[in-house]
1. For the chain, just run the numbers: alpha carbon Rg, then divide by 2.2 N^0.38 Å, N being how many residues it has.
2. Can you compute the label reach from E8? Point 7 Å from Cα along the Cβ direction, backbone N cut-off under 15 Å, restricted to the stretch 73-115.
3. In terms of the Cα gyration tensor, with a ≥ b ≥ c the square roots of its eigenvalues, is the stretch 136-234 rounded because a/c is under 1.5, prolate because a/b exceeds b/c, or oblate?
4. Between D108 and E36, how many nm apart are label points set 7 Å from Cα along the C-beta direction?
5. Helix-derived [θ] at 222 nm for the chain: sum -39500 (n - 2.57) over DSSP H runs of at least 4, divide by residue count, nearest 500?
6. Using a 1.4 Å probe, what is the accessible area per residue for the chain, in Å²?
7. Quick one: pull the percent of accessible area on the chain belonging to carbon and sulfur, 1.4 Å probe, ligands and nucleic acids left out.
8. Which of the peptides 204-212, 147-155 is most tightly packed, and how do the rest follow, going by the mean number of other Cβ atoms within 10 Å of each residue?
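The values are calculated or read from the model by the stated rules, or taken from the named source; none is laboratory data. Remember, it's a predicted structure, so these values are computed and weren't measured experimentally. Backbone-built Cβ (ideal geometry, glycine too); neighbour counts: all protein chains shown. To get the accessible areas, we keep the full protein, side chains included, count just its heavy atoms, and leave off ligands, DNA and RNA. Shrake-Rupley method; radii C 1.70, N 1.55, O 1.52, S 1.80 Å.
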Amino acid sequence: MLEIAGYEDGPLVDGSRFLNIPLFWPCHLGSSLWGEEAQAVAFGPDWDDAQELYRTLSSPNEWPAFTVHLHSGYALHVVYRNVEGDHGVDYLLSHPDWTEAATLATDDGHFMGPGLSWRELESAATQAAAEGVTDPNARLLLLFPMLGDAEVPEAAATRLAAAIAALTLVEDPARLSRLLLLNQGQWEAPNWRQRGGQWVCDGSHSFRNPSNGFALTPTQLTAVSSALKARTNH
């Protein structure tokens, strides 16, 4: 059975079988699909099929989990936390030496986030890995729901649209990309800054805002920034 530190009691299962299902991606990106226009572009005529797939993804008997390995030795995990009455998707960072994974974002009715900036998202997506989720497009879309960044570069829309075109049946990937970047997650897009060895933001719901009483510890903030840092030598 798949194991993630701190989630030993959950019926985790490898979610990789969903990665090649085109409808999985609009379902996974659901919290950023604000309004009828975004949902129509994302799902088209397949709304009923998407609802059926979501029921599978949210079954309490199996919690689909996905792992994105990073060159830093850390790993990002996406876990469908299918607790009765408390469904949600958790975005975690783990390290082999840690006894428990650190939560970066939660995508549910009591959302917390964002968990990373566009710079960090793109870095995590493009890193090569021999196991877990290895496709850069899948890594990008899988981690996208924890994005929150007020200064996303113009090239982001093109990169996101390319991933949508590669993995989904969406007829207008460019339009969906623009809508997703306009409404990033359930939080207001924050500003990011570097503080010593840490990248932190000013998001009022983010674990990476040191001003929040629930923020990660200074040691954890440094570890997260180190884990997500882009490689400077290739």
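1. Numbers: Rg = 16.6 Å, N = 234, 2.2 N^0.38 = 17.5 Å.
For the chain, the normalised Cα radius of gyration comes out at 0.95.
2. From the stretch 73-115, the list is 97-101.
3. Prolate is the answer for the stretch 136-234, as a/c is 1.5 or above and a/b outweighs b/c.
4. Rounded to a tenth, the inter-label distance reads 3.1 nm.
5. Working: 8 runs with 76 residues, N = 234.
That comes out to -9500 deg cm²/dmol.
6. It amounts to 47 Å² per residue over the chain.
7. 49 percent
8. Averaged packing, sorted descending, gives the order 204-212, 147-155.
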